[in-house]
Each structure stands twice: as C-alpha cells, then as structure tokens.
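Written below as structure tokens is the structure these notes are about.
The values are calculated or read from the model by the stated rules, or taken from the named source; none is laboratory data. Please read these numbers as outputs of a predicted model, since none were measured by experiment. Methodologically, a virtual Cβ is constructed for each residue, glycine included, from the backbone with ideal geometry; neighbour enumeration extends over all protein chains shown.
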Amino acid sequence: MGIMSVVTDMGRNVEDEREPAWDEAVAALEAATPVVVVRSPREVTVVYRYADGIFTATSPDVRGFRTSGRSLPETRSLVRQDLSQFLDPAVKVLERFPVPDREICTSAAGCGQIKAASLPGMMVLSSSGTARTFVSSARPSLHRVRAS
Amino acid sequence: MAGQARMVSRSPARGCGPTGGTINRYSPVVQKVDVAVLIVDESIEAKIRDKHFPLTAEDVRQTVVYGRVISAGWDDSDEHGLRLVVRATTYGGVEFIAYLMPANEGDPEEGTFVLKTAIPKPAT
C-alpha cells in the first residue's frame, strides 16, 4: 500500500471490536503463514516449602501450579512430571529450596563440627567437607554420624 | 498507555525482520518467532476475564511465554494489520487461540508483543 496510516489502536474501546468466534480463529490460524515458536533463554522458578511433614512446590510464574510430596526427592520428581507437560522444553526450571529453620550440631572425630538440617532427606556436609551423613525424620533412631 | 494515539508506518516495514526478507504467505521458509514479552492492557485483561472465564490474560501470557505452543502463524489483514495467531493450552487445561500484535511493527520478530484478544475453545 505504501501509505502512512495513523493507528489509534491503544485508545480504541475494546468492546467496539467484534471478537472472532472459535471457528473463525481456527480458520485464520490455518490460513496464516506458519511459524515455529522458539525460545530465547528463560526460566521459571519453583519454590519448595516444608511444613507439617509435607513438601509443597509452587511457582510464581505458573498460576495454579501446586504440587506436594512426602519427601523432597518425591516432590521434585512430581514437579518435573507435571511441568514437563506444560513447559516448552527450552524453558529451564530454577528451583528454590526451603531454608532449614534449625540445625543439629554435633562433632565427628577428626572432622570438626557437622551441621545437619532438620529437613528429611537432606544430604549435609561436614564443615571440613570430608564427612557425609543422611538425616531422615522417618527413622530418627538412625541418626548416626559416619565420618569417613 | 490507554488513550494514547500513536502514529506508525505499517506498510513499508510490514513483515520485515532481522532475518531479512518479508513475511510471505507463500514462502517455503518457515519463520521462527520468539515471544519473549507479552504486554497485556488492562482493558484486554478485563475483557478476557469477563467474557471467557476461566481463561485469564495472565494464563495466556504465561502460556505463550513459557508453555508449549500447538501452532502459530502470521495473519496479515487490511483491517487488523500483522498479527501473530497462537494456539496453545494453559497449565489449567484451557485451549485457546490468541492474537498478538508486534509491539514494534518495524521489527515484528523482535520478541515483544501486545495481546489483542484470546478465545478459549468452546466446551463440547
């Protein structure tokens, strides 16, 4: 056309515009020049919380998303299953984990002090980085410190 | 932004993007589009919420920016100009078709779009 035109689009009352019906929209899409939607690097955030023995995951980026599990690994697995059906494969998931509200402090022979979070299923490292232990609230009698 | 008129030159730059070439309905080359930002006007948000419950403009924004897209294409009409038509399904399972207008008509492939409307698939 090559003619400068003035568009007052932003000020138009949206109620004045006739909205296409679903069939019209489908027909418009079928007649449109096809494109492939690609993704520049981006990520959604998943926030894990722990309360009353239940891990809950929500996301500020996905309205209505909420997944719960009995352990952190189980909840993470459920989150991955759930979001993989919705998210574009190119979108990364950024996970934020709960901050332990208290610490169990003990000492290990020759390894200095070990700090263990109170959350179940959480791997912790000694302050020297040489000892590992696994703390589980499901089996409190096995709270042993193994120093390598 | 409501109430502001803006002057744009549609025709000379229509369909020209950073990849060169014009958007041609008969082109054998499939174009690639990145919907990085979707701007939603309050009036559009209210219209979708009122007319198409439970679909919301926020659902549409999240889906076209992060979600899997079923299909998409450029629609170029004299009445509405160049628009990207996107078909997708929200996290809540509502399938919809959305009309997005490039925010920068001089560079439609820049990645910023304005949501014009979204229509949910009628329940069968």
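Considering region B:83-124, the residues that are in contact with a Phe, Trp or Tyr (Cβ under 8 Å, 6 or more places away or on another chain) and of a type in the set (D, E, K, R) include one that is surrounded by the fewest Cβ atoms within 10 Å (Cβ to Cβ), namely B:Lys121. Flag: B:Asp41 does not match the condition of being more than 14 Å from the chain's Cα centre (by Cα) and either more than 13 Å from B:Lys121 (Cβ to Cβ) or more than 8 Å from chain A (Cβ to nearest Cβ) (or both).
Scanning region B:80-124 for residues that are facing chain A (nearest Cβ under 9 Å) and among the polar types (S, T, N, Q) gives B:Thr89, B:Thr90, B:Thr117.
State whether the residues of region A:58-68 include one that is assigned to a loop (DSSP other than H, G, I, E, B), of a type in the set (A, V, I, L, M, F, W, C) and at pLDDT 90 or above. Reasoning before the result, please.
Restricting attention to region A:58-68, the residues satisfying the condition of being assigned to a loop (DSSP other than H, G, I, E, B) are A:59-65.
Restricting the remaining residues to those that are of a type in the set (A, V, I, L, M, F, W, C) gives A:62, A:65.
Narrowing further to those that are at pLDDT 90 or above: A:62, A:65.
Looking for residues that are assigned to a loop (DSSP other than H, G, I, E, B), of a type in the set (A, V, I, L, M, F, W, C) and at pLDDT 90 or above, one finds at least one in region A:58-68, hence yes.
Kindly indicate which of A:Leu87, A:Leu125 is at negative phi and at pLDDT 50 or above. Explain how you work it out, then say what you get.
Working: A:Leu125 fails: at pLDDT 50 or above.
Checking each option against the conditions leaves just A:Leu87.
Among the residues of region B:60-79 satisfying the criterion of being assigned to a strand (DSSP E or B) and of a type outside the set (Val, Ile, Thr), which is modelled with the lowest pLDDT? So, considering only residues that are assigned to a strand (DSSP E or B) and of a type outside the set (Val, Ile, Thr), the one modelled with the lowest pLDDT is B:Ser77.
Restricting region B:46-68 to residues that are within 7 Å of chain A (Cβ to nearest Cβ) and in contact (Cβ under 8 Å) with a residue 12 or more places away in the chain leaves a set whose member that is surrounded by the most Cβ atoms within 10 Å (Cβ to Cβ) is B:Asp59.
In region A:59-81, how many are away from chain B (no Cβ under 12 Å) and under 18 Å from B:Gly67 (Cα atoms)?
Let us first name the residues in region A:59-81 that are away from chain B (no Cβ under 12 Å), namely A:68-81.
Those left that are additionally under 18 Å from B:Gly67 (Cα atoms): A:78-81.
Matching residues across region A:59-81 total 4.
Taking the stated definitions as given, is A:Arg49 modelled with pLDDT under 90 and more than 7 Å from chain B (Cβ to nearest Cβ)? Considered against the rule, which asks whether it is modelled with pLDDT under 90 and more than 7 Å from chain B (Cβ to nearest Cβ), A:Arg49 comes out as no.
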